[in-house]
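Visitor: Can you read through this structure? Questions will come right after.
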Amino acid sequence: MLELNSGLILWTILTFIIVLVILRTAAWKPLLGALAAREESIRASLREAEDARAQAARLLEENKRQLAQAEEGSRRIIREGRDMGERLKAELLEKANATSRGMIEQAKEEIRREKDAALIQLRSEASDLVIAAAGKILDANLDTPKQRQLADAAIREIAGAAER
Amino acid sequence: MNIPAIQISADAPRTAADSLHALADTARALAEHGAVPGGEKGTVDFTELLHHVQDAKELDSPFGILHLPQFPPFHVAGLSIDMSITKHVVFLWCAALILCVVAIAVARKNSRRPVPTGFGNLFEMVVVFLRDEVAVPNMGSAGLKYMPYLLTTFFFILVMNLLGLIPWGASATGNINVTAGLAIIAFVMIQASAIRAQGFGHYLAHLTGGVHWSLWPIMIPIEILGLFTKPFALCMRLFANMLGGHIVIVSLLGLIFVFGSYFIAIGPVAFVVGINFLELFVALLQAYIFVMLTSLFMGLGMQAGESAHGGDGHDGSVDHST
């Protein structure tokens with residue numbers, strides 16, 4: 001155990017170097033290479049996952065903003081529609097009112113004109129009647145003071161009516 | 001370690017192995033004198049047990065003892081090098097083979113699928129731990145290019161440690177020569193990474209400790225000593241921890257032979273089961289500590305370079321070895 005045996009030392013060194021040379025190319029290089037490659041791929045995956053997460057967050061943010069914009073837009077459109085409806089309604093109402101007022105005016109005008117015409121006709125007819133009645137009365141007894149009085153009163157009355 | 005089975009135990013036992021031999025001698029002496037009931041069982045050679053933690057020229061297997069091929073030592077530059085295949089060499093190779101098969105299978109499986117499962121996941125968890133908790137905190141991102149070395153060291157030591165826990169197995173890391181080999185590689189890696197990070201000139205300048213030139217004769221030997229104590233501590237720590245656990249198990253089992261009774265076996269066996277679980281933990285812990293300290297030392301050398309470039313200089317790297 002303790003005595004020196006240079007042959008065994010040499011065997012050890014020789015064996016070790018051979019094992020080292022064999023394993024260096026056949027085992028350690030592939031093993032460490034695979035390890036490094038896996039670590040690199042894990043690191044890359046993590047980085048990609050982080051990127052994807054950030055992108056998703058960005059998209060979500062953008063979506064939210066767009067949604068808010070769309071909501072705002074729709075609200076504006078509704079408000080505008082309602083305003084336009086109100087305005088339209090008021091306009092139509094105004095127009096209808098104006099039309100009806102015009103028609104009423106026209107009708108009133110017509111009525112007045114008809115009434116005037118009727119009055120004129122009535123007056124002329126009344127005067128004809130009065131003249132006829134007066135002729136007949138005159139034929140009978142124009143001289144009777146009482147009857148004259150009556151005729152005067154009647155004429156005055158008619159005239160008053162016509163005046164009115 | 002061919003210590004004779006019977007030894008004069010009056011000598012102060014210097015190593016754990018010596019004390020175990022002393023224990024074995026006591027047991028045999030007791031058995032021979034018939035002092036223990038059922039003493040005839042005590043004639044079992046206790047040193048047999050100790051073989052399991054020692055290097056050997058043969059291999060115990062379920063099919064009997066296999067004799068390993070032996071070569072005559074050859075001489076290089078006055079050194080006699082015996083490249084014979086021993087038990088620990090065999091388990092060194094077993095660990096290398098198991099590690100290669102498992103690691104390559106896991107690498108294939110994991111690089112094919114986007115998400116690893118089961119054992120591949122466990123394996124990868126350890127790899128990630130070593131990368132993110134050991135290499136990067138100690139060496140910074142520059143340490144990533146030393147990951148293959150650290151991973152190989154960790155899993156190689158771990159498999160060798162664990163092989164000692166299976167029946168007929170042995171921990172090659174319980175042999176100081178194996179841990180010395182690993183420590184020499186660690187030494188080379190620590191110096192190489194330091195030179196690579198700060199350049200050879202700054203590396204040499206760092207050895208002066210950044211003190212006044214008149215102190216260099218003191219400082220330079222200390223710094224150079226510091227370079228060697230770090231891997232030496234790595235070597236001793238791993239070896240002693242792995243051997244220690246096995247010796248505890250052998251000692252506990254040895255109690256059965258000391259008392260020479262099967263009835264006493266319940267206690268030691270229960271303890272040995274507990275120690276085995278502890279060993280499982282220690283196997284993992286020591287592999288971790290070896291790699292952790294290696295990367296710490298590498299990181300110190302590399303950062304010393306950075307601060308030297310910054311002009312400040314020295315961070316006092318003499319001490320942190322033991």
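The values are calculated or read from the model by the stated rules, or taken from the named source; none is laboratory data. None of the values given here were measured: they were computed from a predicted structure. Cβ placement follows ideal geometry from the backbone for every residue including glycine, while neighbour counts extend to all protein chains displayed.
Visitor: Of the residues that sit in the stretch B:263-296 and are surrounded by fewer than 15 Cβ atoms within 10 Å (Cβ to Cβ) and in contact (Cβ under 8 Å) with a residue 60 or more places away in the chain, which one is farthest from B:Val126 (Cα to Cα)?
Guide: Residue satisfying both the conditions and the ranking: B:Asn276.
Visitor: So, of the residues in the stretch B:103-133 that are more than 7 Å from chain A (Cβ to nearest Cβ) and in contact (Cβ under 8 Å) with a residue 24 or more places away in the chain, which turns out to be nearest to B:Ala180 (Cα to Cα)?
Guide: Out of the qualifying residues, it is B:Leu130.
Visitor: Follow-up. Among the residues of the stretch B:134-159, what is the count of those that are over 16 Å from A:Thr15 (Cα atoms), within 11 Å of chain A (Cβ to nearest Cβ) and either of a type in the set (A, V, I, L, M) or in contact with a His (Cβ under 7 Å, 6 or more places away or on another chain) (or both)?
Guide: Result for the stretch B:134-159: 3.
Visitor: Filter the stretch A:4-17 for residues that are at the interface with another protein chain (Cβ under 7 Å from one of its Cβ atoms) and farther than 18 Å from B:His75 by Cα; which is surrounded by the fewest Cβ atoms within 10 Å (Cβ to Cβ)? Explain how you work it out, then say what you get.
Guide: Taking the stretch A:4-17 as the starting set, the residues that turn out to be at the interface with another protein chain (Cβ under 7 Å from one of its Cβ atoms) are A:4-13, A:15-16.
Adding the requirement that they be farther than 18 Å from B:His75 by Cα leaves A:12-13, A:15-16.
Numbers: A:Thr12: 27, A:Ile13: 17, A:Thr15: 20, A:Phe16: 22.
This residue is A:Ile13.
Visitor: Out of curiosity, is A:Ala36 surrounded by 10 or more Cβ atoms within 10 Å (Cβ to Cβ), modelled with pLDDT of 95 or more and within 30 Å of B:Val115 (Cα to Cα)?
Guide: Values: surrounded by 10 or more Cβ atoms within 10 Å (Cβ to Cβ): yes; modelled with pLDDT of 95 or more: no; within 30 Å of B:Val115 (Cα to Cα): yes.
Here the answer is no, as A:Ala36 does not meet what is asked.
Visitor: Filter the stretch B:160-184 down to the residues that are touching a residue at least 12 places away in the same chain (Cβ under 8 Å), facing chain A (nearest Cβ under 10 Å) and part of a helix (DSSP H, G or I) and list them by number.
Guide: B:Met160, B:Ala172, B:Thr173, B:Gly174, B:Ile176, B:Asn177, B:Val178, B:Thr179, B:Ala180, B:Leu182, B:Ala183, B:Ile184
Visitor: Does any residue of the stretch B:209-218 turn out to be under 24 Å from the mean Cα position of the chain (by Cα) and in contact (Cβ under 8 Å) with a residue 12 or more places away in the chain? I'd like the intermediate steps shown before the answer.
Guide: Start the filter on the stretch B:209-218 by keeping residues that are under 24 Å from the mean Cα position of the chain (by Cα), which leaves none.
Checked against the condition, which is being under 24 Å from the mean Cα position of the chain (by Cα) and in contact (Cβ under 8 Å) with a residue 12 or more places away in the chain, the stretch B:209-218 yields no hits at all.
Visitor: Among the listed residues B:Ala240, B:Ala233, B:Ala205, identify the single one that is surrounded by fewer than 21 Cβ atoms within 10 Å (Cβ to Cβ) and within 14 Å of another protein chain (Cβ to nearest Cβ).
Guide: Numbers: B:Ala233 fails: within 14 Å of another protein chain (Cβ to nearest Cβ); B:Ala205 fails: within 14 Å of another protein chain (Cβ to nearest Cβ).
That would be B:Ala240, the only listed residue that is surrounded by fewer than 21 Cβ atoms within 10 Å (Cβ to Cβ) and within 14 Å of another protein chain (Cβ to nearest Cβ).
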